[in-house]
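Worksheet: the structure to be examined is printed underneath.
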Amino acid sequence: MPKPNRDIGEEILTGIRELKRGESGRIRHLPPIAATRERMGLSQGQFARLLGVSVRTLQEWEQGRRAPSGAARTLILVASRNPKALLDVA
């Protein structure tokens, strides 16, 4: 029996809502953000827009001066594991 079509965007949003409500465990480790962005072939500006943050914020994350939290952490983890899924819902 074939798998039904998945709505990846809805799955991501559901996961984000669960995280905000504290219903899921926290993501404790993120892969290197710059490497994830580069693997996706995106500039800092493009990746920042995709995540809904400023370029400056993204630079702070990439340089280790600040750490993303909440939805941004989740989106970065999705981007590192399945870049196409994130690009498809953007």
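When the test is whether a residue is basic (Lys, Arg), closer than 16 Å to Glu11 by Cα and either assigned to a helix (DSSP H, G or I) or without any contact (Cβ under 8 Å) to a residue 24 or more places away in the chain (or both), Arg73 passes it.
Residue by residue through region 48-70, note down the ones that are surrounded by fewer than 16 Cβ atoms within 10 Å (Cβ to Cβ), among the hydrophobic types (A, V, I, L, M, F, W, C) and closer than 17 Å to Ala35 by Cβ. Result: Ala67, single match. Whether a residue is surrounded by 12 or more Cβ atoms within 10 Å (Cβ to Cβ), at pLDDT below 90, out of contact with any Cys (no Cβ under 6 Å at 6 or more places or on another chain) and assigned to a loop (DSSP other than H, G, I, E, B) was assessed, and Leu42 does not pass this test. The residue pairs whose first member lies in region 46-61 and is in contact (Cβ under 8 Å) with a residue 12 or more places away in the chain, whose second member is loosely packed, with under 15 Cβ neighbours inside 10 Å and outside any helix (DSSP H, G or I), and whose beta carbons are closer than 7 Å, counting only pairs six or more residues apart or on different chains, are Leu50/Ala90; Trp61/Ala67. Only one of the numbered conditions (1) among the basic types (Lys, Arg); (2) modelled with pLDDT of 90 or more; (3) surrounded by fewer than 17 Cβ atoms within 10 Å (Cβ to Cβ) is not met by Arg73, and that is (3). Scanning region 1-30 for residues that are closer than 20 Å to Gly64 by Cα, exposed (fewer than 13 other Cβ atoms within 10 Å of the Cβ) and modelled with pLDDT of 75 or more turns up just one, His29.
The values are calculated or read from the model by the stated rules, or taken from the named source; none is laboratory data. Bear in mind that the values here come from a model prediction, so they are computed numbers and not experimental data. Cβ sites come from the backbone with ideal geometry, for glycine too, and all protein chains shown count toward neighbours.
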